[in-house]
Amino acid sequence: MRNALWVLVLGFLFLAPSGAADESDRRQELEGQRHYYEGLLRDCRTETAAKYFVERLGRIEDALNALGKDEQPAAEAEPSKVVKTTGLGPRTVRWLRIRLKEIVREKTVRITDAVAWTRRELPEEMMVAVAQWLNRDGGAGVTVESAKEHWAARPRATWLSAKYGSGTYIVKPPRPNPGRRATKMPEGVKLPKPPTRDEWWQRASPNERAEWVLAYFVENSGLFELADDAKSTKCPVCNGAGMEQKILSNGVPITYVCTRCAGVGRDHTVRFR
Ligand SMILES: [Zn+2]
């Protein structure tokens with residue numbers, strides 16, 4: 001019942017148009033509050049609570065009736081108890097990018113540490129941050145547990161993206177392609193090779209690392225809705241072929257697996273909201 005109630009309240013806020021004039025914003029806010037107290041009233045079990053909610057509703061009605069007139073009723077000054085979740089997704093992702101950069105900045109942090117942290121600690125840390133924002137007006141009473149419900153019911157207006165970049169092959173290994181073979185080199189002569197996962201991580205900048213971990217977290221935490229039409233761009237080194245070619249000093253052409261994308265040919269971008 002409580003869940004259904006929140007969905008209604010949040011759904012209301014989401015459907016209401018934003019950026020309107022002050023008065024219509026105020027009307028929306030009051031109608032949201034009315035909706036909220038009506039829901040609480042339906043669900044309440046004690047007479048005292050019922051009396052309080054009826055009184056709150058009366059004040060909200062007065063405030064609604066007074067809109068557009070000069071008089072400002074007392075309800076105007078009451079703090080809003082309606083939790084606003086508009087823009088929660090983008091805000092959380094901005095926070096994630098900053099937090100992830102703090103975690104991966106240290107040179108000594110390994111990719112396995114970062115991945116383990118996104119599984120073990122980050123989901124809870126994120127919900128603590130979400131609860132703090134939802135309480136920003138004070139007194140909204142959002143706990144970490146209820147923040148999870150608000151998060152699940154959040155408005156999903158904006159699609160966002162996170163890029164695996166040149167580290168795409170770590171999570172999406174290349175498909176075998178028998179048509180594209182590396183040149184067989186004589187004994188002792190080595191073809192250029194793509195970096196291993198740990199080498200890629202060692203060479204990546206803090207920004208590249210943070211963006212990769214964000215994409216990983218978004219895809220694997222189950223906390224985000226993923227778009228079906230994930231985007232990808234051609235690897236700039238092999239132009240999507242997955243293989244590179246060059247001519248040796250003795251004039252012999254060689255073909256080898258692209259040292260940037262490891263043969264994937266594409267940089268994967270996760271789209272989510
Ligand atoms: Zn490539």
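The values are calculated or read from the model by the stated rules, or taken from the named source; none is laboratory data. Everything quoted here is computed from the prediction, not taken from an experiment. Please note: Cβ atoms are built from the backbone with ideal geometry, for glycine as well, and neighbour counts cover all protein chains shown.
From Trp133, Trp200, which residue is surrounded by 12 or more Cβ atoms within 10 Å (Cβ to Cβ) and under 17 Å from the mean Cα position of the chain (by Cα)?
Result: Trp133 is the single residue among Trp133, Trp200 that is surrounded by 12 or more Cβ atoms within 10 Å (Cβ to Cβ) and under 17 Å from the mean Cα position of the chain (by Cα).
What are the pairs, 6+ residues apart or on separate chains, where a residue within the range 251-266 that is farther than 9 Å from Thr183 by Cα and surrounded by fewer than 22 Cβ atoms within 10 Å (Cβ to Cβ) has its Cβ under 7 Å from a residue that is among the polar types (S, T, N, Q) and modelled with pLDDT under 95?
Within 7 Å, the pairs are Arg266/Ser232.
Of the conditions (1) within 16 Å of the ligand (Cβ to nearest atom); (2) assigned to a helix (DSSP H, G or I); (3) of a type outside the set (A, V, I, L, M, F, W, C), Pro192 fails just one. Which one is it?
(2)
Does Glu225 meet the test of being assigned by TED's automatic domain parsing to the domain that holds Gly167 and within 19 Å of the chain's Cα centre (by Cα)?
Spelling it out, Glu225 is indeed assigned by TED's automatic domain parsing to the domain that holds Gly167 and within 19 Å of the chain's Cα centre (by Cα).
Consider Thr233 against the criteria (1) within 16 Å of the ligand (Cβ to nearest atom); (2) surrounded by fewer than 18 Cβ atoms within 10 Å (Cβ to Cβ); (3) over 24 Å from the mean Cα position of the chain (by Cα): it satisfies all of them except one. Which criterion is unmet?
Just one mismatch for Thr233, condition (3).
What single numbered condition from (1) modelled with pLDDT under 95; (2) of a type in the set (Ser, Thr, Tyr); (3) away from the ligand (no atom under 16 Å from the Cβ) fails to hold for Tyr216?
Among (1) modelled with pLDDT under 95; (2) of a type in the set (Ser, Thr, Tyr); (3) away from the ligand (no atom under 16 Å from the Cβ), Tyr216 violates only (1).
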